[in-house]
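The structure appears below as structure tokens.
Taken together, the values in this text are just the output of simple stated rules run on the coordinates, not laboratory data. Computed from a prediction, not measured in an experiment: that's the story for all the values here. For neighbour counting, all protein chains shown are included, and Cβ atoms are generated from backbone atoms with ideal geometry for every residue, glycine included.
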Amino acid sequence: MIEIEHLTKRFGSTLAVDDISFTVRPGLVTGFLGPNGAGKSTTMRMVLGLDRPTGGTAHVNGRSFVDLPSPARAVGAMLDAGQVHPRRTAQAHLTALAETIGEGRVRVQQVLDLVGLTDQARRRAGTFSLGMRQRLGIAAALIGDPGIIVLDEPMNGLDPDGIIWVRSLLRRLADEGRTVFVSSHLMGEMAQTAGHLVVVGRGRLVADVPTDRLLSDHASVVRVRGPEPTRLARVLADAGGTVEPAGDSALHVTDLDPAQIARLTLDHRLEVHELVTERRSLEDAFLELTHDATDYRADHTTERTVTP
């Protein structure tokens, strides 16, 4: 189990992590989401004892990582798959790690088989593709057969088969009772992989919630379009709806279901050309949650061509 309480980290005048608290429990995959610069990697580094907190605590099985009697057996981590000497083979890299913690060649072969690198074991890591380096990083994280796994963006660079493999692996590790803590920008995969989500933005905790609850809370929006959008918006808002422009004289409406909207338009003699429920994805829910906690945001409403 990972327990984070009032964790804070400053780098000079920059507040990277701002008094966050949450628990990563065994038996399920916990996804760690947030925009770039939200504090995800810094939080993971503090969990692993690589950065010292300015305030608060990050405990692993009730202790600071540095106080664990055998850290590599308790926690397996991959924060950067590129941290491998390029002239070392995959087998040599894993063997060195295994010998450090008292494991033998049998365990090296097991993790090579597990991540699908057996046939590439004698290739130098510098010749690996990004996806192969990710597999090697995951193998290194699992070398000590840890009860807690911490992975930062493990699906980057993987092809569709590789992504499905990672999804299955993470679920299997969680089903074995392990604590699995994974950051990712692939929202579709997190929706299918993680049973619980922790969302941060600008260093602050935005959400700490089961995945299915987050999806149900942001499950759908009704798109309604007619020739009098201003009047339509006023009628729907007066009835308790949350109304936002959706372009092309359309409105996105929440807090009212399609039957209620249809009845209101009929009662107020409003002409409607479109009335449809749009299912929202985890990406939609994420963007809504982090809308005010994103440092770098592009304008999604228009496309511009920039001429140098």
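First check a/c for the stretch 220-279, with a ≥ b ≥ c the square roots of the eigenvalues of its C-alpha gyration tensor; if it is under 1.5, answer rounded, and if not, answer prolate when a/b is larger than b/c or oblate otherwise. Since a/c stays below 1.5, the shape of the stretch 220-279 is classed as rounded. Only DSSP H runs of four or more residues enter the estimate; each adds -39500 (n - 2.57), and after division by the residues of the chain the mean residue ellipticity at 222 nm equals -10000 deg cm²/dmol. Per-peptide packing, taken as the mean over residues of other Cβ atoms within 10 Å, places 98-109, 135-146, 202-213, 267-278 in the sequence 135-146, 202-213, 98-109, 267-278 from highest down. Judged by the gyration tensor of its Cα atoms, with axes a ≥ b ≥ c, the stretch 47-106 is oblate; a/c meets the 1.5 cut and b/c is at least as large as a/b.
Label positions at His273 and Arg213, each projected 7 Å from the Cα along the C-beta direction, are separated by 4.2 nm.
Since only Ala96, Thr179, Thr254 are under comparison, the one whose Cα sits farthest along the positive direction of the charge dipole of the chain, derived from C-beta charges on Lys, Arg, Asp and Glu, is Ala96.
Beta bridges assigned by DSSP with both partners in the chain are antiparallel in approximately 65 percent of cases. Projecting the Cα positions of Met132, Ala239, Val60 onto the charge dipole of the chain (unit charges on Cβ atoms of Lys, Arg, Asp and Glu, taken about the Cα centre) puts Met132 furthest along the positive direction.
If you take all other residues with their beta carbon under 11 Å from the beta carbon of Leu28, and give Lys and Arg +1 and Asp and Glu -1, the sum is +2.
Magnitude of the charge dipole for the stretch 1-138, about its Cα centre and with charges confined to Cβ atoms of Lys, Arg (+1) and Asp, Glu (-1), is about 560 debye. Cβ-Cβ distance of Asp145 and Ser13, R₀ of 41 Å, FRET efficiency by 1/(1 + (r/R0)^6): the value works out to about 0.45. Fully extending the segment from Thr23 to Arg122 would add 31.7 nm, taking 0.36 nm per residue of separation and subtracting the current Cα-Cα distance. Projecting the Cα atoms of Pro227, Thr193, Ala121 onto the charge dipole of the chain (Cβ charges, centred on the Cα centre) puts Ala121 farthest toward the positive pole. Taking Cα extents along the principal axes in Å as the quantity of interest, determine which of (i) 73, 49, 30; (ii) 49, 44, 40; (iii) 78, 49, 43 was computed from the displayed structure. It is the one labelled (iii).
Only the Cβ atoms of Lys and Arg (+1) and of Asp and Glu (-1) were treated as charged; on that basis the dipole of the chain about its Cα centre amounts to roughly 1220 debye.
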